[in-house]
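Engineer: Here's a structure for you.
The values are calculated or read from the model by the stated rules, or taken from the named source; none is laboratory data. Not measured: the values here are computed from a predicted model. Glycine gets a Cβ as well: all are built from the backbone with ideal geometry, and neighbour counts include every protein chain shown. Calculation scope for accessible area: heavy atoms of the full protein, side chains included, ligands and nucleic acids excluded. Shrake-Rupley method; radii C 1.70, N 1.55, O 1.52, S 1.80 Å.
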Amino acid sequence: MKAIELLADIAGVGRDVARGGYSRHLFDAGELELRDWFTEQAMRRDLTVRTDRNANIWAWWGSPGPGAVVTGSHLDSVPGGGAFDGPLGVTSALAAVDILRDKGFRPAKPLAILVFAEEEGGRFGVPCLGSRLLTGALDADRARGLRDGAGITLAEAATKAGYEPERFGADPEALARIGCFVELHVEQGRGLIDLDSPLATGSSIIAHGRYRFSFAGQGNHAGATLIGDRHDPMLPAAAVVAAARTVAAATPDARATVGRLAPTPGGTNVIASTVDLWLDARVAGAGRTPALVAQIEAVAKEAAAQEGCTLTVTEESYTDDVVFDESLRRGMDRVLGGVPALPTGAGHDAGVLAAHVPSGMLYVRNPTGISHAPEEFAEAADIAAGAHGLALVLEELAR
Ligand code: HGY
Ligand code: MN
Ligand code: MN
Ligand code: MN
């Protein structure tokens, strides 16, 4: 099957009618349906499906073994996300297996498609959860205790979905099997539009941190409380939203975003007692992301003190700059006939694996340049070019 047909197969799964796009989060109904769908597609191709201790799904062409050529991505989404971020990599991997099979190719090395759990961190807040657990980058006890917006822990959600959270943790055996990892992914910015190319390899990913700012003030009545008597946590929260933009705009090539803000109790005629917000901060260069965050945090502290509120800042995740394996990238480039090499601001599981095994990215043009939103798109011709390019890369690596 073509990748575009496989994407069409899952187009109705996990739709978010209220927010638009897709909301497919770890162990929710849509994501579980996609897990079953992928397993069925893999078995239809006589791939041996195994789920590892961290709920990542491996579909093996040939028996699992060292030096494996692994490709894949994720099936979960951000809230209200697009149809391609993650699923394009998984469906292109299935399509690439079909292309290779149809031409009579048989891999000389083990070859696997790997579907990572909770790459977006959309439910439990830590991005690349499955690949961080696999590599030991995320402490298993911390992971088990992560809570979603309803206060459900990852351990509870995993148990309910039939997984064994007590098994979460670094999996050196599984990691040792990976000879190299290549992730196909829809491009999430304008890079390939401006370069006028359907495909690109990945050269690097900029550092990325996520931080929770918790402000506490005094809940009160919106009408009876004079302005001078207020300790309204919404004020310092608003200062952080603005500072994220002003500080990032003044820092070359930096990005900082507050996309999620949660006042408690959240009543129209109620001064909030607490406000939580999450800052996503990214800029390349050693120490530059923490420095960017420190500037924003200074504004937050000043604004909280002025309003008589308290502030607690928690780092939820941090990933350093990633530089992909240059010899793998050059090999991919040769096989693809010469394509641009793209640095990106978007993170991927391949970026987590890159610290452990030779990893690479294959990007497919997104003509809207928009991602993490329903407008995210890829043209049929570029999707086909991606799947065929991935097949060529896998054939070269697994011959
Ligand atoms: O947030 C990211 O960079 C990725 O899309 N998870
Ligand atoms: Mn994403
Ligand atoms: Mn992604
Ligand atoms: Mn009242």
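Engineer: Compute the angle between helix 288-306 and the longest alpha-carbon principal axis of the chain, please, reported from 0 to 90 degrees and rounded to the nearest 10.
Structural biologist: The angle comes out near 20 degrees.
Engineer: Moving on. How big is the chain in terms of Cα radius of gyration and Dmax, in angstroms?
Structural biologist: 21.9, 78
Engineer: Multiplying the sequence separation of GLU40 and ALA305 by 0.36 nm and subtracting their Cα-Cα distance, what value in nm do you get? Each step should come with its number before you reach the end.
Structural biologist: Details: separation 265, 0.36 × 265 = 95.40 nm, distance 5.60 nm.
Here the segment from GLU40 to ALA305 would lengthen by 89.8 nm.
Engineer: Related question: Given H placed on each backbone N at 1.01 Å, which residues far from CYS128 in sequence or on other chains put an amide H within less than 5 Å of it?
Structural biologist: It is GLU119, GLU120, GLY121, by chain and number.
Engineer: May I ask for the equivalent-ellipsoid semi-axes of the stretch 24-85, computed as the square root of five times each C-alpha gyration tensor eigenvalue and listed largest first in whole Å? Don't skip to the end; give the middle numbers.
Structural biologist: Working: eigenvalues 107, 31, 25 Å².
For the stretch 24-85, the semi-axes come out at 23, 12, 11 Å.
Engineer: Along the positive direction of the dipole of the stretch 208-319 (beta-carbon charges: Lys, Arg +1; Asp, Glu -1; about the Cα centre), which of ILE271, THR289, LEU226 reaches farthest?
Structural biologist: The listed residue farthest towards the positive side: THR289.
Engineer: For the stretch 248-399, what are Rg and Dmax over the alpha carbons, in angstrom?
Structural biologist: When restricted to Cα atoms, the stretch 248-399 yields Rg and Dmax of 20.9, 67 Å.
Engineer: Right, here's the next one. Which lysines, on any chain, are close to LYS103 with Cα under 23 Å apart, when same-chain ones fewer than 8 places away are left out?
Structural biologist: Candidates past the 8-residue exclusion: LYS2.
Engineer: Residue by residue, what Karplus-based ³J(HN,Hα) values in Hz, rounded to whole numbers, does the stretch 224-235 have, using 6.51, -1.76 and 1.60 with θ = phi - 60° and x for Gly and Pro?
Structural biologist: My calculation for the stretch 224-235 gives 8, 9, 5, 4, x, 9, 9, 10, 9, x, 5, 5 Hz in order.
Engineer: Residue separation times 0.36 nm, minus the C-alpha to C-alpha distance between ALA294 and ALA161: what's the value?
Structural biologist: My answer for the length gained is 44.0 nm.
Engineer: Let me ask something else about it. Roughly speaking, what is the stretch gain from VAL323 to ARG144, that is 0.36 nm per residue apart minus the C-alpha to C-alpha distance, in nm to one decimal? Intermediate results must be reported in sequence, preceding the final value.
Structural biologist: Values: separation 179, 0.36 × 179 = 64.44 nm, distance 2.99 nm.
Computed gain between VAL323 and ARG144 is 61.5 nm.
Engineer: Ok, one more. Report the relative contact order of the stretch 208-319, percent, no decimals, based on alpha-carbon pairs under 8 angstrom and at least 6 residues apart.
Structural biologist: Numbers: 226 pairs, mean separation 50.9, N = 112.
Relative contact order of the stretch 208-319: 45 percent.
Engineer: Sticking with this one: Going highest first, how would you order 98-104, 277-283, 337-343, 213-219 by mean Cβ packing within 10 Å? Can you show the working numbers first?
Structural biologist: Numbers: 98-104: 13.6, 277-283: 22.9, 337-343: 15.3, 213-219: 20.6.
Packing proxy ranking, top to bottom: 277-283, 213-219, 337-343, 98-104.
Engineer: Pop out the Kirkwood hydrodynamic radius of the stretch 13-121 from its pairwise C-alpha distances, inverse of mean 1/r, in Å to one decimal. Write down the numbers at each step before the final one.
Structural biologist: Details: mean 1/r = 0.0699 Å⁻¹.
Taking every pair of different Cα atoms in the stretch 13-121, averaging 1/r and inverting gives 14.3 Å.
Engineer: Once the Cα atoms of helix 29-44 and of the chain are each reduced to a long axis, what angle between those two axes, in degrees from 0 to 90 to the nearest 10, is obtained?
Structural biologist: It works out to around 10 degrees.
Engineer: Among all the aspartates and glutamates, which ones have a C-alpha under 12 Å from LYS109's C-alpha, if same-chain residues fewer than 8 places away are not counted?
Structural biologist: GLU395, GLU396
Engineer: Across every pair of different alpha-carbon atoms, what Kirkwood hydrodynamic radius in Å does the stretch 59-184 reach? It would help to have the intermediate numbers written out before the result.
Structural biologist: Values: mean 1/r = 0.0635 Å⁻¹.
Over the stretch 59-184, the inverse of the mean reciprocal pair distance is 15.7 Å.
Engineer: Remind me, relative contact order of the chain in percent, using alpha carbon pairs under 8 angstrom and six or more residues apart? Let's see the in-between values first.
Structural biologist: Values: 904 pairs, mean separation 89.2, N = 399.
The normalised contact order for the chain reaches 22 percent.
Engineer: Please give the solvent-accessible surface of SER203 in Å², to the nearest 10, using a probe radius of 1.4 Å with every protein chain present.
Structural biologist: 30
Engineer: Per residue and in Å³, how big is the convex hull formed by the alpha-carbon atoms of the stretch 208-319?
Structural biologist: Residue-normalised Cα hull volume stands at 86 Å³.
Engineer: When the gyration tensor of the stretch 133-274 is built from Cα positions, what are the square roots of 5 times its three eigenvalues, in whole Å, from largest to smallest?
Structural biologist: Details: eigenvalues 298, 150, 33 Å².
Semi-axes (√(5λ), whole Å): 39, 27, 13.
Engineer: Amide H to amide H, which residues 5 or more places from LEU184 or on other chains are under 5 Å from it, using H placed in the peptide plane?
Structural biologist: For LEU184, whose amide H was placed from the backbone, the distant partners under 5 Å are GLY72, LEU362.
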